[in-house]
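> Below you'll find the structure I mean.
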Amino acid sequence: MNSAAHTPITFVGGGNMGAALVAGLLKAGWPASLITVVESSSARREQLNILYPGITTSEKIVACTAGVIAVKPPAAVETCAALAQAGATRVLSIAAGIGLGALQSAAGTKTAVVRAMPNTPALVGEGAAGISGSNQCNESDIAWAESILGAVGTVVRVEEKLLDAVTAISGSGPAYIFLVAEALMSSAVTAGLPADVADALVRQLLVGSARLLQLSTESPAQLRANVTSPNGVTAAAIQAFEQAGIRDAIEATVQAAVSRSREMGS
Ligand SMILES: NC(=O)c1ccc[n+]([C@@H]2O[C@H](COP(=O)([O-])OP(=O)(O)OC[C@H]3O[C@@H](n4cnc5c(N)ncnc54)[C@H](OP(=O)(O)O)[C@@H]3O)[C@@H](O)[C@H]2O)c1
């Protein structure tokens, strides 16, 4: 992100995701003086002022030029209308399941709306988000939204209809990985390791494997082959994993998430 992209921005909702985005922007060099967070909870406003010195916090939306909707989904459409009313010409919504049609019609014709599906690893600057712009967006509107989410991870552009699939992979995905971590920890204890040792090994296993996957140019299948000698320990483990139906289980998991996301969106 270059300094030309640093423009005033108003977040509505300073909870988990709103605060993660603010932290990411500050880390990426966005001046605190350009950031306003509208937050209904006074205790949370006090916390935000301590966590992010120099930002402005406010109970209500005041005049602004660009906004991010980071409140819970039921409040997203009215928040979008309020931001447009307050002068925002660009709005980015991260509210799950609230479509561009409803948001753009609440915003009117003078405000371009971009919708995104981020995920919680954004809290540690490792998010994976999909974004989609309404028909009213031009290239610079989408690039603006990308620069905000890009401060806390990877961003991909997709058609809006694919945001359900993005939700099923990266939105809900951290929960799948945490479930794998839970199962590995309990299997490690069954195999005789003390719980604290199992906890430390499994956490680092996931971090190390993810880092290898991120930095390597090899495919996941090749990385797996690299650690699987014929007739070895890993080969026996992978055979058991495949026989237990791991691929079918993951397919069913993602399909269930896509269906539920579509259902909630309608
Ligand atoms: N967390 C995730 O993994 C995730 C992933 C993708 C998308 N999202 C989306 O991100 C959005 C925010 O989620 P979150 O997890 O950050 O929720 P959250 O932690 O509950 O944060 C929302 C914050 O907004 C405040 N608020 C509610 N109504 C407001 C209003 N009208 N004006 C100003 N502030 C208001 C809430 O205060 P009170 O608590 O006092 O109501 C709360 O502090 C949701 O739409 C969600 O769908 C979240």
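> Of Leu201, Leu149, Leu48, Leu179, how do they rank once you tally other Cβ atoms within 10 Å and put the fewest first?
Placing the least packed residue first, the sequence is Leu179, Leu201, Leu48, Leu149.
> Leu48: net charge of surrounding residues, Cβ under 13 Å, Lys/Arg +1, Asp/Glu -1, itself excluded?
-1
> Further question: With Cβ to Cβ distances under 15 Å as the rule, what net charge do the other residues near Pro121 carry (K, R +1; D, E -1)?
Its environment carries a net charge of +2.
> Ok, one more. If a/c stays under 1.5 just call it rounded; otherwise compare a/b with b/c (prolate if a/b is bigger, oblate if not). Do that for the stretch 1-42, with a ≥ b ≥ c from the square roots of the Cα gyration tensor eigenvalues.
It comes out prolate by the Cα gyration axes.
> Using amide H atoms built 1.01 Å from N in the peptide plane, name the residues 5+ places from Gly153, or on other chains, whose amide H lies under 5 Å from its own.
Under 5 Å from the amide H of Gly153: Gly127.
> Here is a follow-up. Aspartates and glutamates near Lys72 by alpha-carbon distance under 14 Å, same-chain residues fewer than 8 away left out - which ones?
Here the aspartates and glutamates satisfying the reach criterion relative to Lys72 are Glu39.
> Further question on the same structure: So if I take the centroid of the Cα atoms in the stretch 1-55 and the same for the stretch 181-195, what is the distance between those two points in Å?
Centre-to-centre (Cα) distance: 40 Å.
> Taking a ≥ b ≥ c as the square roots of the Cα gyration tensor eigenvalues, with a/c under 1.5 meaning rounded and otherwise prolate when a/b beats b/c, else oblate, which class fits the stretch 112-266?
prolate
> If neighbour count is taken as other Cβ atoms inside 10 Å, put Asp248, Asp199, Asp164 in order from fewest to most.
Ascending number of Cβ neighbours within 10 Å: Asp248, Asp199, Asp164.
> Using just the helices of the chain, give the 222 nm mean residue ellipticity in deg cm²/dmol: DSSP H runs with n ≥ 4 each add -39,500 (n - 2.57), and the total is spread over all residues, rounded to 500.
The per-residue figure over the chain is -15500 deg cm²/dmol.
> In the stretch 54-200, with Lys and Arg counted as +1 and Asp and Glu as -1 at Cβ, which of these residues, Val113, Ala84, Val156, has the Cα nearest the positive end of the dipole, that is, farthest along it?
The one lying farthest along the dipole's positive direction is Ala84.
> Take the chain, connect every pair of alpha-carbon atoms lying under 10 Å apart with a spring to form a Gaussian network, then pick out the residue of Arg247, Arg90, Arg211 with the largest mean-square fluctuation.
Checking each option, the largest mean-square fluctuation is seen for Arg211.
> Expressed in nm to one decimal, what extension gain is obtained for the pair Ser33 and Ala236 from 0.36 nm per residue of sequence separation less their Cα-Cα distance?
Difference between extended and current length: 67.3 nm.
> Now a separate question. Could you work out the local net charge near Ala66, counting Lys and Arg as +1, Asp and Glu as -1, over the other residues with Cβ closer than 10 Å to its Cβ?
Computed value for this residue: 0.
> Would you kindly derive the ³J(HN,Hα) couplings of the stretch 185-194 from the backbone phi angles with the Karplus curve 6.51 cos²θ - 1.76 cosθ + 1.60 (θ = phi - 60°), listing them in order in whole Hz, with x for Gly and Pro?
The phi angles translate into 4, 6, 5, 5, 5, 4, 7, x, 6, x Hz.
> Right, next: Please report Ser140, Ser105, Ser170 as a ranked list, fewest other C-beta atoms within 10 angstrom at the top and most at the bottom.
Ser140, Ser105, Ser170
> Related question: Name the long-range amide H neighbours of Thr57: under 5 Å, sequence gap of 5 or more, or other chain; modelled H, no Pro or chain starts.
Under 5 Å from the amide H of Thr57: Val37.
> Relative to the longest principal axis of the C-alpha atoms of the chain, give the angle of the C-alpha long axis of helix 16-27, reported between 0 and 90° and rounded to the nearest 10°.
Once rounded, one gets 80 degrees.
> Rounded, prolate or oblate for the chain? Axes are the square roots of the Cα gyration tensor eigenvalues, ordered a ≥ b ≥ c, and the cut-off for rounded is a/c under 1.5.
It comes out prolate by the Cα gyration axes.
FYI, it's all coordinate maths here, none of it is from the lab. Because the structure is a prediction, the values reported are computed rather than measured. Virtual Cβ from ideal backbone geometry, glycine too; neighbours counted across all protein chains shown.
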